[in-house]
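Notes follow once the structure below has been shown.
Read-outs: derived from the displayed coordinates by stated rules, not from any lab. Note that the structure is a prediction, hence the values are computed from the model and not measured. Methodologically, a virtual Cβ is constructed for each residue, glycine included, from the backbone with ideal geometry; neighbour enumeration extends over all protein chains shown.
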Amino acid sequence: MVSKKKEKEIFTKLNSEFRNETFIDLNIKAILKKNSISEEDFYYFFPHKTKSLCNFFLIDLQLKLEKNIKNKIKNEKSISKRVNFILFELIKLLNENKEVSLFFLNYISRKPIYLKKLTIKFADRVWRLLEDKSVDFNYYTKRMILSQILINSILYWRGSNDLNKTEIFIEKQIFLLGKFGYYKSNFKKLIHKILSSDLQTIVFSIDSANKENLLSISFTHHLSPYAASDISVITGQSK
């Protein structure tokens, strides 16, 4: 318990560095001195510097998320609504300390393989929380699709800085991809399209009341379908 408290204390002391984007591995000695953190304590808890700090951030985020949703999804029968609730709760947690969240999201986005593993792991955890019993092809397609929805949702939130719009965006993604209770033929076709060519673009057109809300989500499979740098989210017009 003492060690966990110390780990949290070190992370909290560094929050100002994360917010100002001044935390750099190459300058770690000066940063620790500035924030009155001993090198011995820091390397004990965070041996791989930013990567270790990022892992701590993600584990803490996951624990908070599961605590928030634990008793709120039991009585909801709709899988789509439960998935939507979980994703939006995650976004709300990220938004609570946005600058720190963005620091680590930017770090992750520069590491496409790491990003892929994290989002698949998150998707797997969500389906396990929902006690999903899918096997074979359905097991993998659910996780791949949810991981992509997660990436799209985080990118939209980061770009829009609007929780209400992000909630609507998440709902529309889930709606457009079909209800999560039915995964056989539709998801097989979708995954086939994603994996069948080096260059694949998925475009969702969302029709709003004023006909101006055009959302285009695209990714280049050949380069890296999970890298944030390969995904463009355009609302209204190109920036």
For this session: Please identify every one of the trypsin sites (Lys or Arg not before Pro) in the stretch 86-154 that sits in a loop by DSSP and has no more than 14 other beta carbons within 10 Å of its own beta carbon.
Result: Arg110, Lys133
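Between Asn71 and Phe175, how high is the FRET efficiency from 1/(1 + (r/R0)^6) when r is the Cβ-Cβ distance and R₀ = 30 Å? Nearest 0.05.
On the way: r = 26 Å, r/R0 = 0.86.
With a Förster radius of 30 Å, E is 0.70.
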Exercise. Using just the C-alpha positions of the stretch 97-182 as equal point scatterers, what log10 of I(q)/I(0) does the Debye formula give at each q in 0.14, 0.23, 0.25 1/Å?
Worked result: -0.55, -1.23, -1.31
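Arrange the following residues from fewest to most other Cβ atoms within 10 Å of their Cβ: Phe11, Phe175.
Details: Phe11 19, Phe175 13.
Going from sparsest to densest Cβ surroundings: Phe175, Phe11.
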For this session: Determine the alpha carbon to alpha carbon distance for each of Lys70/Lys165; Lys74/Lys142; Lys70/Lys172; Lys5/Lys74; Lys5/Lys111; Lys6/Lys67 and list only those over 27 Å.
Result: Lys5/Lys74; Lys5/Lys111
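Past 23 Å, Cα to Cα: identify those pairs from Lys72/Lys92; Lys29/Lys121; Lys8/Lys98, in the order given. Could the numbers behind the result be given before it?
Working: Lys72/Lys92 15 Å; Lys29/Lys121 33 Å; Lys8/Lys98 18 Å.
Where the Cα-Cα span goes over 23 Å, the pairs concerned are Lys29/Lys121.
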Exercise. Fewest to most neighbouring Cβ within 10 Å: what's the order for Leu102, Leu53?
Worked result: Leu102, Leu53
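Between Ala30 and Asp60, what FRET efficiency comes out of the Förster formula 1/(1 + (r/R0)^6) with R0 = 22 Å and r the beta carbon distance, rounded to 0.05?
0.30
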Exercise. If you add up the charges near Arg143, with Lys and Arg at +1 and Asp and Glu at -1, over every other residue whose beta carbon is less than 12 angstrom from its beta carbon, what do you get?
Worked result: +4
Problem set entry | J(HN,Hα) series, the stretch 76-90, from Karplus relation 6.51 cos²θ - 1.76 cosθ + 1.60, nearest Hz, glycine and proline x | 8, 7, 6, 5, 4, 5, 5, 5, 4, 4, 4, 4, 5, 4, 4
Problem set entry | Packing-based exposure ordering (other Cβ within 10 Å, fewest first) of Glu167, Glu131, Glu9 | Glu131, Glu9, Glu167
